[in-house]
Amino acid sequence: ASLTVCLCQIASTNNISGNLEKVQRLLEERNSDHCTLTLFPENMLCRGSYAEIREHANEETFFVDKLAALSAQFNTTIVWGGIPVVYRTPTGFRKNLRISCVNPSATNEKSTVCSLDSEKLYNTSLVINPSGELISSYRKMHLFQLNSGKTNINESSLFEPGTTPATFTLNGWQIGLT
C-alpha cells in the first residue's frame with residue numbers, strides 16, 4: 001500500500017493559538033497533496049523558555065481535543081511533535097503547578113533538576129488519525145543536553161524521560177517514533 005508523507009516546518013513561538021493558525025495555513029497549502037501522513041517537528045505547538053513551556057503544559061486530552069479537528073478536517077494522520085504534556089497522579093487536576101528544584105550542591109548532582117509536584121512533564125509526540133482518535137503517543141526518551149560554556153541546555157531539568165518507543169500502523173506500514 002502506498003503512503004504519501006508530508007513534512008511541515010513552522011517557526012513556533014510560545015503562543016499556542018498563533019502556532020495553531022500557522023499549522024492551519026500549512027495544512028491548507030498541503031491539502032492538495034493528499035497526504036496520508038503529515039509530520040510536524042518537535043516543539044511545534046510551543047517553543048520558548050522552560051518557564052513558558054511549563055506554563056503551557058497541559059494534559060494529553062487537552063491537546064488531543066485541540067488537534068483532532070485538524071486531523072479530521074484535512075483527512076490525514078498527523079504526528080504532532082514534541083508537546084509539553086503533563087501526566088498527573090490520580091489525585092486530580094490542579095490548575096497551578098508547583099515546581100520544586102533540587103540544589104545540585106546539596107545532593108552532589110551535576111545539574112539542577114526541577115520537577116512538577118506529583119505531576120510529570122514529558123516532551124510528547126501525539127499521533128491523531130483522520131477520525132480524530134489518538135492512535136499513538138511517544139514520550140521522548142533521550143533528552144537533549146548541551147553545556148558548551150556559552151550555552152547550557154538540559155531538557156531533563158524540565159522533562160521526565162520516556163521509557164519506551166511507540167509505534168502505529170498506517171496503510172500497512174509499521175511506523176516507529178523514537
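Number of residues in the stretch 130-158 that are among the aliphatic types (A, V, I, L, M), within 30 Å of residue 169 (Cβ to Cβ) and in a loop (DSSP other than H, G, I, E, B) equals 2. Condition test on residue 10, is it at negative phi, buried (at least 16 other Cβ atoms within 10 Å of the Cβ) and within 13 Å of the chain's Cα centre (by Cα)? It is false that residue 10 is at negative phi, buried (at least 16 other Cβ atoms within 10 Å of the Cβ) and within 13 Å of the chain's Cα centre (by Cα). Regarding residue 50, is this residue among the aromatic types (Phe, Trp, Tyr), under 16 Å from the mean Cα position of the chain (by Cα) and closer than 16 Å to residue 137 by Cβ? Answer is no for this residue. All of 156, 125 fail the test of being farther than 19 Å from residue 64 by Cβ, modelled with pLDDT of 50 or more and open to solvent by less than 60 Å² (accessible area, probe 1.4 Å), apart from 156.
Every residue, every condition in (1) at pLDDT 90 or above; (2) under 16 Å from residue 19 (Cβ atoms); (3) surrounded by fewer than 19 Cβ atoms within 10 Å (Cβ to Cβ), yes or no:
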| residue | (1), (2), (3) |
| --- | --- |
| 35 | yes, no, no |
| 48 | yes, yes, yes |
| 55 | yes, yes, yes |
| 59 | yes, no, yes |
| 73 | yes, no, yes |
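Outside any strand (DSSP E or B), of a type in the set (Lys, Arg) and either surrounded by fewer than 19 Cβ atoms within 10 Å (Cβ to Cβ) or touching a strand residue (DSSP E or B) at 6+ places or on another chain (Cβ under 7 Å) (or both): is that true of residue 120 in this structure? Judged against the criteria, residue 120 is not a match.
The values are calculated or read from the model by the stated rules, or taken from the named source; none is laboratory data. Just so it is clear, the model here is predicted, and its values are computed rather than measured. Backbone-built Cβ (ideal geometry, glycine too); neighbour counts: all protein chains shown. Just the protein is used for accessible areas: all its heavy atoms, side chains included, with ligands, DNA and RNA removed. Shrake-Rupley method; radii C 1.70, N 1.55, O 1.52, S 1.80 Å.
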